[in-house]
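Quick note: the coordinates plus some simple rules give every number you see, no bench work behind them. Since we're looking at a predicted model, the values are computed, not measured. Ideal geometry is used to build each Cβ from the backbone, glycine not excepted, and the neighbour counts take in all protein chains shown.
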Amino acid sequence: MKKLVVVFFALIAVAASPVRDGLDVGDTAIDFKLKNVDGKTVSLADYKDAKGYIVIFDCNTCPYSKAYNQRIIDLNTKYAAKGVPVIAINANDPATSSGDSFEEMVRIAKQKGYKFPYLVDETQEIAKAYGATNTPHVFVLSKDLKVAYIGAIDDNSRKADAVTKRYVEDAVDALLQGKAAPTTKTKAIGCGIKWKSA
Amino acid sequence: MKKSIQFVVLAVILSVAASAQTINQIKLKDLQKLLTTKSDRVQVINFWATWCAPCVKEIPLFEKLRSDNSNVDITLVSMDFDLDPDPAKVERFVTRKALKNKVVILAETDPNSWIDKIDKSWSGALPATLIINTQTGKRKLIQKELHEGDLEKLITEVSN
């Protein structure tokens, strides 16, 4: 009888726990297999020596993505060598936003000289599983895919030289030192991901 | 001839000036006041920006609501300031579209410090629309593009 009561309350607890979409800090992210701009498939597991990952939901068209483009390239330049590469993912529905087509991704990656993968999340399942909402929206993961940080790259979208808080850099530096990120979650104004209509 | 051209130019400038509304730059505390001050009219607050295609697409729905329903207060809050603090682009947009709804610019930097103060469940993505019954505190936040009929349904939901 006692056991039954425990089970009963455990069930209530499960039922009452809030339904949460996407990842929170401390959760374990899922890996993925997505098509890169070079036509090949990329998974996080492909990076055998990685110490972590900077997963960025991004796109071609959003003015915030454009404002952060060079900063994303710089993040990869700085941290890929230290074992924490940038992995960019575009989940925007090209039927809603034609400038976010795969062909345009290929063109932009070439034009900007991306040294990191720029993957297409055609089904939008990875964006949903991660809980990405904006572009650019960053998830800093440890090598065992534990979420260390979710949010914006820094605190000034408009001017890279006026930034005072480098959230992603701080989180990755902490990760490399085996410490917790000083700031684990931030929000920013941005373009909503263009979801497919149900 | 020259004089008549001058007159036409002047007339055009005057008519544009007459149709354009003054767009105030507001601070977070002004916006918070709008969200909480008790009113018997439902507050409809839309967060948008000139660069945001789905926002621009749904703006006519708010203009239509304005002429259909006199029991709501509509405020279109431009979030352009974050990327471009010059209000000229917003002013030109409002004039070109001849918007009748009240438009304000939220003139604040560092969005991470205030997005939660507008609504904890808001990610910061645009477009977003808040519908508030300030009498009961009932509110709805929609974080996607609205379609025909959505606003009316949401207003009914917070009114009951």
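Pull up all non-local amide H partners of A:Asn90: gap of 5 or more, or a different chain, and H-to-H distance under 5 Å with H placed in the peptide plane.
A:Asp58, A:Leu119, A:Val120, A:Asp121
What does the charge count around B:Ala88 come to, taking other residues whose C-beta lies under 13 Å from its C-beta (Lys +1, Arg +1, Asp -1, Glu -1)?
Neighbour charge sum, excluding B:Ala88 itself: -1.
Quick one: Kirkwood hydrodynamic radius for the stretch A:21-192, alpha-carbon pairs, angstrom, one decimal?
15.8 Å
Report, to the nearest 10°, how far helix A:63-79 tilts away from the longest principal axis of the Cα atoms in chain A, using its own Cα long axis and a range of 0 to 90°.
So the inclination is approximately 80 degrees.
Cβ under 11 Å from A:Ala91's Cβ, A:Ala91 left aside: what net charge do those residues give with Lys, Arg +1 and Asp, Glu -1?
Counting the neighbours of A:Ala91, the net charge comes to -3.
Among A:Pro63, A:Trp195, A:Thr164, whose Cα projects farthest towards the positive end of the dipole of the protein assembly as shown, with charges put on the beta-carbon of Lys, Arg (+1) and Asp, Glu (-1)?
The residue sitting farthest along the positive end of the dipole is A:Thr164.
Specify the angular offset, from 0 to 90 degrees and rounded to the nearest 10, of the alpha carbon long axis of helix A:2-16 from the longest principal axis of the alpha carbons in chain A.
It works out to around 30 degrees.
Using a 10 Å cut-off around each Cβ, can you sort B:Glu145, B:Glu108 from fewest to most neighbouring Cβ atoms?
B:Glu108, B:Glu145
Is there a quick way to get the dipole size of the protein assembly as shown? I mean about its Cα centre, with the Cβ of Lys and Arg at +1 and of Asp and Glu at -1; what is the value in debye to the nearest 20?
Taking the Cα centre of the protein assembly as shown as origin, the dipole is about 380 debye.
What do you get for the angle between helix A:102-112 and the principal long axis of chain A? Use alpha-carbon atoms, 0 to 90 degrees, nearest ten.
So the inclination is approximately 60 degrees.
Could you pull out every whole DSSP H run in chain B that spans at least 20 Å of Cα extent along its own axis and averages 0.5 or higher on the Kyte-Doolittle scale?
Long hydrophobic helices here: B:2-19.
So what is the relative contact order of chain A, in percent, for Cα pairs below 8 Å that sit 6 or more residues apart?
Relative contact order here is 26 percent.
Using modelled backbone amide H atoms (1.01 Å from N, in-plane), which distant-in-sequence or interchain residues come within less than 5 Å of A:Lys185's amide H?
Amide H to amide H, under 5 Å and 5 or more residues apart or across chains, A:Lys185 pairs with A:Ile150.
Less than 13 Å Cβ to Cβ from A:Asp58, Lys/Arg counted +1 and Asp/Glu -1: what total charge do the surrounding residues give?
Local net charge: +1.
Fewest Cβ neighbours within 10 Å first, please rank A:Phe57, A:Phe32 accordingly.
By the 10 Å Cβ count, ascending: A:Phe32, A:Phe57.
Hey, fewest Cβ within 10 Å first, where do B:Glu157, A:Glu122 land in order?
Arranged by neighbour count, lowest to highest, B:Glu157, A:Glu122 become B:Glu157, A:Glu122.
To the nearest 500 deg cm²/dmol, what mean residue ellipticity at 222 nm is calculated for the protein assembly as shown from DSSP H runs of n ≥ 4 alone, each contributing -39,500 (n - 2.57), summed and divided by the residues?
Roughly -10500 deg cm²/dmol at 222 nm, from the helical runs in the protein assembly as shown.
What residue among B:Gln32, B:Gln143, B:Gln43 shows peak mean-square fluctuation when chain B is described by a Gaussian network model with Cα springs under 10 Å?
So, out of B:Gln32, B:Gln143, B:Gln43, the one fluctuating most is B:Gln32.
At a 4.7 angstrom Cβ threshold, list every cysteine in chain A that has nobody to pair with, or say none.
If one checks each Cβ against the other cysteines of chain A, A:Cys59 turn up with nothing under 4.7 Å.
Distance between the C-alpha centers of the stretch A:113-128 and the stretch B:98-148? Whole Å please.
Cα centres, the stretch A:113-128 to the stretch B:98-148: 29 Å.
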